[in-house]
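Working notes, beginning with the structure itself.
The values are calculated or read from the model by the stated rules, or taken from the named source; none is laboratory data. Every value quoted in this text rests on a predicted model; they were computed, and no experiment measured them. We place every Cβ from the backbone using ideal geometry, glycine too, and count neighbours over all the protein chains shown.
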Amino acid sequence: MNNAARDDASIEELDFGGSARGANFDDFLEDDDESPRNGGRAGNGKRRSPGKIAFIIVLVIALLAGSGVGGYWLWENRLRPITVSVNGAVTRTHINVSIDDLMNDNDSFGTKPGNLLSVSNKVLDANGGGKQAVVVNGATVKASDWQNTRLQPDAVVTVTNGKDTVEKHTVKRETIAHKGPSLDSVNLMGGGAIQYVESPGRDGYSEKWTGEISKETVDKGVVKKPEDFKVTTKTPQPKDGKKYIALTFDDGPSEYTAQYQQILKEKGVKATFFNLSEEAANYGEQEKSLAEDGHEIASHSVSHKYLPKLSRDELRNEIGKSFGVIEKNSGQSCRMFRSPYGAFTAQQWLDSYDIISSNVLWTIDTEDWKRPGADKIKSTVLSQAGNGSIVLMHDGGGDRSQDVEALPGIIDGLKAEGFTFVTVSEMIRLDGTFPEWVANNQPAK
């Protein structure tokens, strides 16, 4: 066969006798066994496969159901209309709207960011300051969380103008020195029961600011005033409407300590014991027992010397060593102190302010050392007691049998007058106006 004949034959093979047509949906339903290729019926009379028909129906239903579920979710979680209150006015929006979108859709409700100011308070950018403040249901929402915070129906929103901010700037700081310890910085004329360091002394400073944008340099003057060293005195005055009193015992531990401890336990009262570490060396177990019962153990020095006659080093040894013995016996880390005879002048404060938290005196002196009788000791306390009173009695240093005899009546009489018994530290904390280091029985910081 020549080439022309082969070409004609090829053309004849491509002639579908008029059956060529575009594919339609019925082709996909045609049963394979009955197709013309398999000798089956051809043309308009062919049957559809039931399995394929079922598949198509299920597919259509699934698509319709999926679009319905998706549409429902979209409605419930993004499109459903809601109302919220913004600055007291009802605002219509949609469920789960972000604060960012709510602000953009409503022109920020008439609010605007703060100004960006130069270090001299000139406006550099009218909208370059802090973003508006947004509060949702009472909780402040940071600007960085606006896009992720979405609102629910009836949310209460408050939007206010942003705050002005100052441009970034460098700071040059100059120190203003404080006045350190001196005799003039110790004022004990108030006569209060608690002597303490009101201020350990802190430097102040002045500042000059230079703006990164404006390049202005402004002298801000004194930013923090210096705090000079100061020792002062006052008596605690709790102000919660109750009456408080502190019982204190000096010069122990002694042979009388166990008797005091038993009476206090029976009466449910806690007291403060200002002990001599010289005595505590002989009654270590007794001091430990007092602490275990919840009583406060503080220092009355090592050996009850008259402190104004001591040198600085002698004074610091007499006080400092006593704290070590107390801590060893009682486990209490305390820097509360009571000077023997109450003798503690401005010079003693200058020599020891860094090792004690306070020097505790008293407001009621029973003068029990005179041995006036148990009734006299009792009546002295009851007649002078007031809110914040600190009672001076003795545990050691002589015959204390009158104090032991008077103590039950003192406690019963004060309870009958509505007094609550506290330790000295508790009294200081109840007052609420003493520096933190005094309340925590630590040297000034």
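When residue 341 is tested against (1) aromatic (Phe, Trp, Tyr); (2) crowded, with 21+ Cβ neighbours inside 10 Å; (3) part of a helix (DSSP H, G or I), exactly one condition is not met: (2).
The number of residues in the stretch 210-261 that are within 30 Å of residue 431 (Cβ to Cβ), assigned to a loop (DSSP other than H, G, I, E, B) and of a type in the set (Lys, Arg) comes to 3. Looking only at the stretch 404-419, decide whether some residue is assigned by TED's automatic domain parsing to the domain that holds residue 274, surrounded by 16 or more Cβ atoms within 10 Å (Cβ to Cβ) and in a loop (DSSP other than H, G, I, E, B). Checked the stretch 404-419: no residue is assigned by TED's automatic domain parsing to the domain that holds residue 274, surrounded by 16 or more Cβ atoms within 10 Å (Cβ to Cβ) and in a loop (DSSP other than H, G, I, E, B). The requirement of being in a helix (DSSP H, G or I) and either outside the structural domain of residue 208 (by TED's automatic domain parsing) or farther than 30 Å from residue 172 by Cβ (or both) is fulfilled somewhere in the stretch 109-121, by at least one residue.
Quick check: is even one residue across the stretch 348-357 assigned to a loop (DSSP other than H, G, I, E, B) and on the phi > 0 side of the Ramachandran plot? Break it down into steps so the answer makes sense when it comes.
Step one: of the stretch 348-357, the residues assigned to a loop (DSSP other than H, G, I, E, B) are 353-357.
Still in the list and also on the phi > 0 side of the Ramachandran plot: none.
No.
Scan the stretch 183-190 and give yes if some residue there is at negative phi, acidic (Asp, Glu) and either in contact with a Gly (Cβ under 8 Å, 6 or more places away or on another chain) or in contact (Cβ under 8 Å) with a residue 40 or more places away in the chain (or both), otherwise no. Among the residues of the stretch 183-190, not one is at negative phi, acidic (Asp, Glu) and either in contact with a Gly (Cβ under 8 Å, 6 or more places away or on another chain) or in contact (Cβ under 8 Å) with a residue 40 or more places away in the chain (or both), which makes the answer no. Considering every residue within the stretch 372-384, establish whether at least one is of a type in the set (Asp, Glu), under 19 Å from residue 274 (Cβ atoms), surrounded by fewer than 16 Cβ atoms within 10 Å (Cβ to Cβ) and in the same structural domain as residue 272 (by TED's automatic domain parsing). Among the residues of the stretch 372-384, not one is of a type in the set (Asp, Glu), under 19 Å from residue 274 (Cβ atoms), surrounded by fewer than 16 Cβ atoms within 10 Å (Cβ to Cβ) and in the same structural domain as residue 272 (by TED's automatic domain parsing), which makes the answer no.
Yes or no, residue by residue, for (1) within 29 Å of the chain's Cα centre (by Cα); (2) in contact (Cβ under 8 Å) with a residue 60 or more places away in the chain:
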| residue | (1), (2) |
| --- | --- |
| 122 | no, yes |
| 125 | no, no |
| 144 | yes, no |
| 158 | yes, yes |
| 161 | yes, no |
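Only residues that are among the aliphatic types (A, V, I, L, M), surrounded by fewer than 16 Cβ atoms within 10 Å (Cβ to Cβ) and within 21 Å of residue 142 (Cα to Cα) were counted in the stretch 79-114, giving 0. Just one of the listed residues (211, 201) is closer than 30 Å to residue 123 by Cα and either crowded, with 16+ Cβ neighbours inside 10 Å or in contact (Cβ under 8 Å) with a residue 40 or more places away in the chain (or both), and it is 211.
The selection criterion, being in a strand (DSSP E or B) and closer than 30 Å to residue 84 by Cβ, does not hold for residue 171. Taking the criterion of being more than 13 Å from residue 162 (Cβ to Cβ) and charged (D, E, K, R), the residues of the stretch 101-125 that qualify are 101, 105, 107, 122.
May I ask you to verify whether residue 377 is β-branched (Val, Ile, Thr), in contact (Cβ under 8 Å) with a residue 24 or more places away in the chain, part of a helix (DSSP H, G or I) and within 29 Å of residue 413 (Cβ to Cβ)? For residue 377, the condition - β-branched (Val, Ile, Thr), in contact (Cβ under 8 Å) with a residue 24 or more places away in the chain, part of a helix (DSSP H, G or I) and within 29 Å of residue 413 (Cβ to Cβ) - is met. Apart from one condition, residue 148 fits all of (1) farther than 30 Å from residue 91 by Cα; (2) in contact (Cβ under 8 Å) with a residue 12 or more places away in the chain; the exception is (1). For the stretch 286-311, enumerate the residues that are of a type in the set (D, E, K, R) and touching a residue at least 24 places away in the same chain (Cβ under 8 Å). Passing the criteria: 287, 288, 293, 296, 305.
So that you can scan it fast, the table gives a plain yes or no per residue for (1) part of a loop (DSSP other than H, G, I, E, B); (2) out of contact with any strand residue (DSSP E or B) (no Cβ under 7 Å at 6 or more places or on another chain); (3) surrounded by 13 or more Cβ atoms within 10 Å (Cβ to Cβ):
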site: 124; (1), (2), (3): no, no, yes
site: 127; (1), (2), (3): yes, yes, no
site: 134; (1), (2), (3): no, no, yes
site: 153; (1), (2), (3): yes, no, no
site: 163; (1), (2), (3): yes, yes, yes
site: 175; (1), (2), (3): no, no, no
site: 180; (1), (2), (3): yes, yes, no
site: 189; (1), (2), (3): yes, yes, no
site: 196; (1), (2), (3): no, no, yes
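Pairs are defined by a Cβ separation below 9 Å, a sequence spacing of at least 6 or placement on different chains, a first member in the stretch 327-339 that is without any contact (Cβ under 8 Å) to a residue 12 or more places away in the chain, and a second member that is polar (S, T, N, Q); the pairs so defined are 327/333.
Flag: residue 314 does not match the condition of being part of a helix (DSSP H, G or I), within 20 Å of residue 360 (Cα to Cα) and free of Cβ contacts under 8 Å to residues at least 24 places away in the same chain.
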